[in-house]
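Asker: Before I ask anything, here is the structure I am working with.
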Amino acid sequence: MRDDRRPLRDAHEDIADTQKLPDTPQAQSEAYRLAFADRDFLCRDELRPVRLQLELLKPELGLDEHGIKSTVVLFGGARIPRPEERDGARSDTLRDMSKYYDEAREFARVITERSVASGCSENVVVTGGGPGVMEAGNRGAVDAGGKSIGLNIVLPHEQEPNHFVTPELCFNFHYFAIRKMHFLMRAKAIAVFPGGFGTMDETFETLTLIQTGRMERIPFLLFGEDFWREIVNWEALVRAGTISPEDLDLFRFVETAEQALEVIDTWPLEGKRGDIPGR
């Protein structure tokens, strides 16, 4: 598409013209392809820094174009079933965890009601775009008549975005690191539901950023205190001296969407840490 405000040819025009090249060895040579339209060239190992930059930039521009200024992040397990499908869960524990699907959906719904009041520019729900808790989060946003973001990633065994992500805000990633950056770059609150390795990774990476003063001390909610206390012995970390007692103030346990909203609205911590306790 040509931009008439600029005197130079548009890149799209040149790509279109290269589709009409004569069938000669020179014109059809790989070397003759435009660099930015050459998929094989862009996928070379040497071009990894460029791909990293592109993967950071594409969602950033997309979110800017849709006026999204802040987000509320939902992390949680892909295997947590919908309540109506709980009897088919692979374990009794997962079956009982279907309640968190409902809580994630309700939490996303009430957050999105606030987002809609801002014109869907603030407090936009963002999930990993997949099933389980992620689906529940995007579904809750639909319940409230608002938008939500899905940050999917290509995995060998799956990846289809759930059907509740706003299509124009449904992104796909190759690099886990860049995807994690996009989860946190606009975050104003983090809600973490029970999950597995991926959820743990996201939880502790975010807590580390907050603990070390690399990220603001935004509301950080762990849904399901019994689950989290069984999985992580937080007090043992304090007793061992590997974290400080003050580090336990960086998050709160909640059970319901109502409790989570109250914690967000009364969150006492502001800004980034200066001195790190215990260091």
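The values are calculated or read from the model by the stated rules, or taken from the named source; none is laboratory data. In this text, all values refer to a predicted model and were calculated from it rather than measured experimentally. All Cβ positions, glycine included, derive from the backbone under ideal geometry; neighbour counts span all protein chains shown.
Asker: Confirm whether Gly140 is within 21 Å of Arg79 (Cβ to Cβ), in contact with a Leu (Cβ under 7 Å, 6 or more places away or on another chain) and of a type outside the set (Ser, Thr, Tyr).
Answerer: Values: within 21 Å of Arg79 (Cβ to Cβ): yes; in contact with a Leu (Cβ under 7 Å, 6 or more places away or on another chain): no; of a type outside the set (Ser, Thr, Tyr): yes.
So Gly140 does not fit the description; no.
Asker: Just to verify a result, which residue in the stretch 18-39, among those that are without any contact (Cβ under 8 Å) to a residue 12 or more places away in the chain and part of a helix (DSSP H, G or I), is surrounded by the most Cβ atoms within 10 Å (Cβ to Cβ)?
Answerer: First pass over the stretch 18-39, keeping only residues without any contact (Cβ under 8 Å) to a residue 12 or more places away in the chain: 19-32, 35, 38-39.
Cutting the leftovers down to part of a helix (DSSP H, G or I) gives us 30-32, 35, 39.
Working: Glu30: 8, Ala31: 7, Tyr32: 13, Ala35: 9, Arg39: 7.
Among those that are without any contact (Cβ under 8 Å) to a residue 12 or more places away in the chain and part of a helix (DSSP H, G or I), it is Tyr32.
Asker: Still on this structure: Could you go through the stretch 217-224 and let me know if any residue there is surrounded by fewer than 17 Cβ atoms within 10 Å (Cβ to Cβ) and either hydrophobic (A, V, I, L, M, F, W, C) or out of contact with any Phe, Trp or Tyr (no Cβ under 6 Å at 6 or more places or on another chain) (or both). Give the derivation first.
Answerer: Going through the stretch 217-224, the residues surrounded by fewer than 17 Cβ atoms within 10 Å (Cβ to Cβ) turn out to be none.
No, the stretch 217-224 has no match at all.
Asker: Looking at Arg252, Arg214 in this structure, which one is exposed (fewer than 15 other Cβ atoms within 10 Å of the Cβ), more than 17 Å from Ala78 (Cα to Cα) and either modelled with pLDDT of 95 or more or touching a Phe, Trp or Tyr at 6+ places or on another chain (Cβ under 7 Å) (or both)? Reasoning before the result, please.
Answerer: Values: Arg252 fails: exposed (fewer than 15 other Cβ atoms within 10 Å of the Cβ).
Testing whether each residue is exposed (fewer than 15 other Cβ atoms within 10 Å of the Cβ), more than 17 Å from Ala78 (Cα to Cα) and either modelled with pLDDT of 95 or more or touching a Phe, Trp or Tyr at 6+ places or on another chain (Cβ under 7 Å) (or both) leaves just Arg214.
Asker: Another question, then. For the list (1) more than 19 Å from the chain's Cα centre (by Cα); (2) over 20 Å from Ile80 (Cα atoms), I need the number of the one condition that Leu207 fails.
Answerer: With respect to (1) more than 19 Å from the chain's Cα centre (by Cα); (2) over 20 Å from Ile80 (Cα atoms), Leu207 is out only on (1).
Asker: Checking the conditions here, which among Glu46, Glu30, Glu60 is under 15 Å from the mean Cα position of the chain (by Cα) and of a type in the set (Asp, Glu)? So that I can check it myself, show each step before the final result.
Answerer: Working: Glu46 fails: under 15 Å from the mean Cα position of the chain (by Cα); Glu30 fails: under 15 Å from the mean Cα position of the chain (by Cα).
Just a single option satisfies the conditions, and that option is Glu60.
Asker: Looking at (1) exposed (fewer than 13 other Cβ atoms within 10 Å of the Cβ); (2) touching a residue at least 60 places away in the same chain (Cβ under 8 Å), which one does Ile264 not meet, given that it meets all the others?
Answerer: That leaves (1) as the condition not met.
Asker: Here's another thing I want to ask about it. From Glu216, Glu225, which residue is closer than 17 Å to Met97 by Cβ and among the charged types (D, E, K, R)?
Answerer: Numbers: Glu216 fails: closer than 17 Å to Met97 by Cβ.
Being closer than 17 Å to Met97 by Cβ and among the charged types (D, E, K, R) holds for just one of Glu216, Glu225, which is Glu225.
Asker: So for the stretch 178-199 (the condition being of a type in the set (Phe, Trp, Tyr) and more than 23 Å from the chain's Cα centre (by Cα)), does at least one residue qualify?
Answerer: From the stretch 178-199, those of a type in the set (Phe, Trp, Tyr) are 183, 193, 197; that's our starting set.
Imposing the further condition that a residue be more than 23 Å from the chain's Cα centre (by Cα) reduces the set to none.
Taking every residue of the stretch 178-199 in turn, none turns out to be of a type in the set (Phe, Trp, Tyr) and more than 23 Å from the chain's Cα centre (by Cα).
Asker: Looking only at the stretch 71-113, which residues are within 21 Å of Glu202 (Cα to Cα) and among the basic types (Lys, Arg)?
Answerer: Selection gives Arg79, Arg105.
Asker: Next question. Can you find even one residue in the stretch 51-72 that is charged (D, E, K, R), out of contact with any Gly (no Cβ under 9 Å at 6 or more places or on another chain), more than 30 Å from Val192 (Cβ to Cβ) and at pLDDT 85 or above?
Answerer: Narrowing the stretch 51-72 to residues charged (D, E, K, R): 51, 55, 58, 60, 64-65, 69.
Filter once more, so that each one left must be out of contact with any Gly (no Cβ under 9 Å at 6 or more places or on another chain): 51, 55, 58, 60, 64-65, 69.
Cutting the leftovers down to more than 30 Å from Val192 (Cβ to Cβ) gives us none.
No, there is no match, as no residue in the stretch 51-72 is charged (D, E, K, R), out of contact with any Gly (no Cβ under 9 Å at 6 or more places or on another chain), more than 30 Å from Val192 (Cβ to Cβ) and at pLDDT 85 or above.
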